[in-house]
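A.B. asks: Input: one structure, supplied below.
The values are calculated or read from the model by the stated rules, or taken from the named source; none is laboratory data. Nothing here was measured: the structure is a model prediction, and the numbers come from that model. For neighbour counting, all protein chains shown are included, and Cβ atoms are generated from backbone atoms with ideal geometry for every residue, glycine included.
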Amino acid sequence: MPSGFERLLHHSPTPSPPPRRTSTTSRYHLFIRQQPLAARACGAGDRDRRPVDPPPILQLLLTDFDPNTSDDIDILQDPRFTVGCFLVPETRGSISSDMDGDSSLREDRLGTAPGQSTPLLSGKAFVSPFFVDEDPDPTTAPNHPSTFDYHLPERRAQLAPSTSKGAQQPAAFFIFSDLSVRTAGLYRLQFRLMNWGLVEDTGQSMPVLAEVWSDPFKVYPAKDFPGMRDSSRLTEGLKELGFVELKTRGKGKGKGRRR
């Protein structure tokens, strides 16, 4: 394992340093294709898993992406990319516009840093990309940004689905199928894109290449949890394409309910 990567997987009990800033010139962007909506609080033991529902699914987007160039396809397939997930309690009833700005301001306003919140989160919080030749749900697929875009792709409401009707695009997904939260409450997830190959190649600390925050979602006590939702088309498609860790729910697929 490259030097420095072990510290990302096992947080130090000492106070975390100020968060590293993402580069404003990076080609890399994270887009949340599937937002977490609810979860049932799990127990203290590692065996009690109550996955966040639906499983958060992120997509890697590249500025000026060209599916016809091998360099861009190689980037999407690079196994050295990883996305880390951090749990942050949401202490306010609404999200103000400053949450889309400076990351240190967001963490200060929430009253906690990601490194101090992760004990509430169990499961696989660091995942590698899952590459597919064709997006399994092209009707909801976002456009890759261009240098002429004026809106950041992380601002989900401002990024329209792809207008390339019938044109299948390759895609790289980061799928969090095994996340559980130990305590009931209102939370958000912070996702950070990193490439541990940079540590291996340069010996320097790992930069954060992109960052995005989920919408707030509620974790219920066991007696109040309303049940799991039916799986989305995206979830079903990714499982059919080989991501076997995803569990599908719905008619003929297991327990679930439509809401």
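A.B. asks: Please tell me if residue 43 is farther than 20 Å from residue 127 by Cα, more than 18 Å from the chain's Cα centre (by Cα) and modelled with pLDDT under 95. Spell out the reasoning first.
C.D. replies: Numbers: farther than 20 Å from residue 127 by Cα: yes; more than 18 Å from the chain's Cα centre (by Cα): yes; modelled with pLDDT under 95: yes.
In short, yes.
A.B. asks: Tell me which of these residue 51 doesn't satisfy, since it passes every other one: (1) in contact with a Gly (Cβ under 8 Å, 6 or more places away or on another chain); (2) at pLDDT 95 or above; (3) not aromatic (Phe, Trp, Tyr).
C.D. replies: The number of the failed condition is (2).
A.B. asks: Going by what's in this entry, would residue 180 be described as among the polar types (S, T, N, Q) and in a strand (DSSP E or B)?
C.D. replies: yes
A.B. asks: Please verify whether segment 91-111 includes one or more residues that are farther than 16 Å from residue 208 by Cβ, at pLDDT 50 or above and surrounded by 19 or more Cβ atoms within 10 Å (Cβ to Cβ). Before you say what the answer is, go through the steps one by one.
C.D. replies: Of the residues in segment 91-111, the ones farther than 16 Å from residue 208 by Cβ are 91-100, 108-111.
After this cut, where a residue has to be at pLDDT 50 or above as well, the list is 91-92.
Add one more test, that the residue is surrounded by 19 or more Cβ atoms within 10 Å (Cβ to Cβ), and what stays is none.
Checked against the condition, which is being farther than 16 Å from residue 208 by Cβ, at pLDDT 50 or above and surrounded by 19 or more Cβ atoms within 10 Å (Cβ to Cβ), segment 91-111 yields no hits at all.
A.B. asks: So in segment 11-40, with the set limited to residues that are surrounded by 15 or more Cβ atoms within 10 Å (Cβ to Cβ) and of a type in the set (Val, Ile, Thr), which one is modelled with the lowest pLDDT?
C.D. replies: Filtering segment 11-40 for residues that are surrounded by 15 or more Cβ atoms within 10 Å (Cβ to Cβ) and of a type in the set (Val, Ile, Thr), the one modelled with the lowest pLDDT comes out as 22.
A.B. asks: Could you please give the count of residues in segment 222-235 that are on the phi < 0 side of the Ramachandran plot, outside any strand (DSSP E or B) and touching a strand residue (DSSP E or B) at 6+ places or on another chain (Cβ under 8 Å)? Steps first, please.
C.D. replies: So the first thing to find is which residues in segment 222-235 are on the phi < 0 side of the Ramachandran plot, and the list is 222-226, 228-235.
Subsequent filtering for residues that are outside any strand (DSSP E or B) retains 222-226, 228, 230-235.
Of the ones still in play, those that are also touching a strand residue (DSSP E or B) at 6+ places or on another chain (Cβ under 8 Å) are 222, 225-226, 228, 230-232, 234-235.
Within segment 222-235, residues that are on the phi < 0 side of the Ramachandran plot, outside any strand (DSSP E or B) and touching a strand residue (DSSP E or B) at 6+ places or on another chain (Cβ under 8 Å) number 9.
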